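Trainee: Okay, handing you the structure first.
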Amino acid sequence: ENLNLRHYWHVVLERRWLVITAFISIFVLSIIYLVKATPIYEATTVLQINKESTSIMDAGTPIVFNSNDQEYLQTQYKNLLSRSLIESVVKDLDLDKDARYVQSQDVVNAVRNDITVSPVRLSRLVEISVEHPSPRVAAQIANKLMDNFLGRNLDQKRERAFQSYQWLETEVDGLQDEVKNARLAVFRFREKNNMPSLEESQDTVSKALFQASQNYQAANDDAEQAQKAVDEVDKMIQEARDLGQELDLSQIPFVAISEIIRTIRANLVIEETALAALQVKYLEKWPAVIVAKETIDKLTTEIQKVAQDEIQNLRQQARSQLARSTRAKDSLASRQADMNRLNQLKVEYDNLVMEKMQSEELYTNMLGKTKEMDLNTKDMLQNLVVVDTAFEPVNPVKPRKSLTLILGVIGGLGLGFAFAFFANYMDDSVKSQDDIETYLKLNFLGYIPNIKTNSLVERDMQAHLHPQSNA
């Protein structure tokens, strides 16, 4: 419980030879490893992965990376270590006959273990490093891996573009048939409904509907006015009957304004004036007076008869105006039906025209895309750029001598100290008063000094010669 640094130091000193032996052993083993280890050289090539562009026409598009771009970059990093790619490198460089891989059961996996893909942070660059005992082979593998990767990437893009082009051609053929059918549908619709020009037909029907509406309004107004006049005449006749009087039909305002009535009234006034003049000179039985009275009676009767005829004409005119209004209303309804039918036809026609225009627009767009895709397949751009090609390294990267020696020193000392403390832990000999009292359950009497000397004089004179020693 009271261990301190001095105790640890005494433990190390007590077993110093064990510490020294472990240290020397580890350090010597490190040196042996450095002497016997095969030097490993590393060749590195740098690749820049740009945003994909299909052709030279959109090569000026600014490159903006987002989450999808990061997914694309991660995909390319994995493709650099794909088995099929490394197999092509092994085949091209005959690496299955290389001394480093000839003993491997899986040459492709062995080569892949020597390849390291390291993306450069906050950039579109990636470093591809290859380790190999031969600097020339390391550079060859790195460059061949890059060449094959670029070739495969461009071939895949061209293959995808070619497949897209074929699909677009198929779609264009289908859309061409749709455009043809849409145009035929519009033509057949106009032919079926006798519509050389829908706009002209609409204009004609609209004018006819407007005229029919005007005619109906005029006829309806005339019919209402005629019926109103008849109602006024009937009302006056009925009021006279209710009073028990005989209505003078010629006094009705509508009848009184008749030219015939006015002419007969003028003649009646003349006759009455002549009768008055005769009655001044002659008696009632005078022939001239009798003839004058007969003429007056005849004119009065004629006025009533003409008044009745005028009223009958008024009634007949009201009936005629009502029939005219009914015919105008039927005509208006017919024109309205024609307009509704034409509007319905226009809706169907507009739908057909819209479908035709959409088909034509889609066909035009797809045709343009097909031509653009055709050009793209001919001038496909590579979005991968080799910034630095691999060269034969001069100095090996493995083994790292300085680091190995430092690790040998640290490891040797650590292992020596570990052995020393482990041996001290396993040592169950009695060394102190506490050990006697704790483990042996005996009373402590005192220390027996251990004087390490072969000289009897020095031993006998220990207190004189070494007054500070434990003894």
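Trainee: Based on alpha-carbon positions alone, could you give the equivalent ellipsoid semi-axes of the stretch 322-471 from the gyration tensor, as √(5λ), descending, whole Å?
Mentor: One finds semi-axes of 120, 36, 11 Å for the stretch 322-471.
Trainee: Can you send over the carbon and sulfur percentage of the accessible area for the stretch 1-50, probe radius 1.4 Å, protein chains only?
Mentor: Values: 2260 of 3540 Å².
Summing carbon and sulfur atoms, their accessible area is 64 percent of the total for the stretch 1-50.
Trainee: Using only the heavy atoms of the protein chains and a 1.4 Å probe, how would TRP286, TRP9 rank by accessible area, largest first?
Mentor: Putting TRP286, TRP9 in descending order of accessible area: TRP9, TRP286.
Trainee: How far is it, in nm, from the label point at SER206 to the one at ARG341 when both lie 7 Å from their Cα along the line to the Cβ?
Mentor: Placing both labels 7 Å beyond Cα along the Cβ direction yields 2.0 nm.
Trainee: Between THR453 and GLN105, how high is the FRET efficiency from 1/(1 + (r/R0)^6) when r is the Cβ-Cβ distance and R₀ = 60 Å? Nearest 0.05.
Mentor: 0.35
Trainee: What accessible area, in Å² to the nearest ten, does a 1.4 Å probe give for GLU191?
Mentor: 110 Å²
Trainee: For TYR77, TYR8, TYR363, TYR33, what's the largest-to-smallest order of accessible area, 1.4 Å probe?
Mentor: The ranking, largest first, comes out as TYR33, TYR8, TYR363, TYR77.
Trainee: Further question on the same structure: I'd like the accessible area for MET461: 1.4 Å probe, protein heavy atoms, all chains in place, Å² to the nearest 10.
Mentor: 80 Å²
Trainee: Then there is this: How far, in nm, would the chain grow between LEU362 and HIS464 when pulled straight, counting 0.36 nm per residue and subtracting the alpha carbon separation?
Mentor: Full-extension gain reported as 24.9 nm.
Trainee: Hey, rough spin-label estimate for GLU437 and GLU52, points 7 angstrom out along Cα→Cβ, what's it come to in nanometres?
Mentor: Result for the modelled spin labels: 8.4 nm.
Trainee: Could you tally the net charge around PHE444, taking each other residue with its Cβ under 10 Å from the Cβ of PHE444, Lys/Arg +1 and Asp/Glu -1? Don't skip to the answer; put the middle values down first.
Mentor: Details: positive: none; negative: ASP434, ASP435, GLU437.
It works out to a net charge of -3.
Trainee: Next question. Provide the gained length on full extension for the span ASP155 to LYS401, in nm with one decimal, where the gain is 0.36 nm per separating residue minus the Cα-Cα distance.
Mentor: 84.1 nm
The values are calculated or read from the model by the stated rules, or taken from the named source; none is laboratory data. Keep in mind the model is a prediction, meaning the values are calculated, not measured. FYI the Cβ positions are ideal-geometry reconstructions off the backbone, even for glycines, and counts take in every protein chain you see. Just so you know, the surface numbers come from the protein's heavy atoms only, side chains and all, with ligands and any DNA or RNA stripped out. Shrake-Rupley method; radii C 1.70, N 1.55, O 1.52, S 1.80 Å.
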